[in-house]
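To keep things clear, I will list the structure first and then write my remarks on it.
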Amino acid sequence: MAPSTPITRVLVVDDDDKCLTSMRRILHGHFEIVTTKDPVQALKLFVHQGPFAVVVSDYRMPFMNGVELFSRILAIDQKVQRIMLTGHAELYMAIDAINHGKISAFLTKPTPAVSIRSVISDAIRTYNLDTGNGAREKETLRTADKLQSAKQDSTEIYEPLTVKEKEVFALLAKGFSNEEISLELNITIGTVKSHLNNLFGKMDVNSRTKVVAKGISLGLVQT
C-alpha cells in the first residue's frame, strides 16, 4: 500500500503582531503556514483547517496560555508536534511542560531564523513518522531509543564539560544554529558537531532540545 501524503502544515499562534509578522517572514516559502493572534481561534482553525503537523505557540497570551492551548489540542490530536515560544524567564516552565508531555520542544526569544526552521522541519518529520509515513525510519528511531534507554543509569552524574563545550552549550541554549556557533566561536562546523556529539554523550541525550533541557536541570543555564 502506498504511503499517505506527508502533512507539512504549520499553525502559528502569537498575540504579538510583530512576532507573528516575523514568523510569517521566516517561514514563508519553507512551510505551508496558517497564523492567528487568538488561541481560541487557533482551536477552531486546528479543527476546521487541519490536519496540522506542527503548532507553534507563544506562552503568554490572553484567554489561555500556550500550555493550556496545547492541552486542548492534544485532546484533538495526540500526535501533533507542539513547539513553545518562550522568554528566557520561562525556561523552567518550558522544561516542566516537556517533562509532562505537554510540549515537544521550545524556542527561546529571540531565536535565529535558521534554528526556527530547523526545529520545525524536525517536528514535521517526527509527526509524519508517528502517523505512519516512513515506517523504516520510524523503526530505526525506535531502535536508537532502545539503545539509548539501555545506557541510562539513574545514579549517573554527567562528565564535566570542557571550556569549549560550555561555550558551545551556551550558544546552543540561545538557539544558535551550527553555522552561527561556528562563526561566533571561530571554529569549523565539523568541530561544532564534534562538541555537540560530546555534549550528547556526556549528558546521555540524543537531541539539541534534550541537551538544553538537561543543562537547565543541571543548572548550566542561568535564568
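At-a-glance table
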{"quantity": "Residue in segment 49-62 that is of a type in the set (Phe, Trp, Tyr), surrounded by 16 or more Cβ atoms within 10 Å (Cβ to Cβ), modelled with pLDDT of 90 or more and assigned to a helix (DSSP H, G or I) present", "calculated": "no"}
{"quantity": "Residue, nearest to ILE103 (Cα to Cα), within segment 167-208, restricted to residues that are β-branched (Val, Ile, Thr) and in contact with a Ser or Thr (Cβ under 8 Å, 6 or more places away or on another chain)", "calculated": "VAL192"}
{"quantity": "Conditions (1) loosely packed, with under 12 Cβ neighbours inside 10 Å; (2) within 18 Å of the chain's Cα centre (by Cα); number of the one not met by VAL12", "calculated": "(1)"}
{"quantity": "Qualifying residue in segment 214-221 (condition: in contact with a helix residue (DSSP H, G or I) (Cβ under 6 Å, 6 or more places away or on another chain), buried (at least 17 other Cβ atoms within 10 Å of the Cβ), farther than 28 Å from GLN78 by Cα and modelled with pLDDT of 85 or more)", "calculated": "no"}
{"quantity": "Residues of segment 162-198 satisfying the condition of being in a loop (DSSP other than H, G, I, E, B) and either without any contact (Cβ under 8 Å) to a residue 40 or more places away in the chain or not charged (D, E, K, R) (or both)", "calculated": "THR162, GLY175, PHE176, SER177, ASN186, ILE187, THR188"}
{"quantity": "Residue in segment 35-48 that is nearest to LYS18 (Cα to Cα), counting only those that are out of contact with any Asp or Glu (no Cβ under 8 Å at 6 or more places or on another chain), hydrophobic (A, V, I, L, M, F, W, C) and crowded, with 17+ Cβ neighbours inside 10 Å", "calculated": "ALA42"}
{"quantity": "Condition met for SER22 (part of a helix (DSSP H, G or I) and either under 20 Å from the mean Cα position of the chain (by Cα) or not hydrophobic (A, V, I, L, M, F, W, C) (or both))", "calculated": "yes"}
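The values are calculated or read from the model by the stated rules, or taken from the named source; none is laboratory data. Worth saying up front: this structure is predicted, and the values here are computed from it rather than measured. Glycine also receives a Cβ, built like all others from the backbone with ideal geometry; neighbour counts cover every protein chain displayed.
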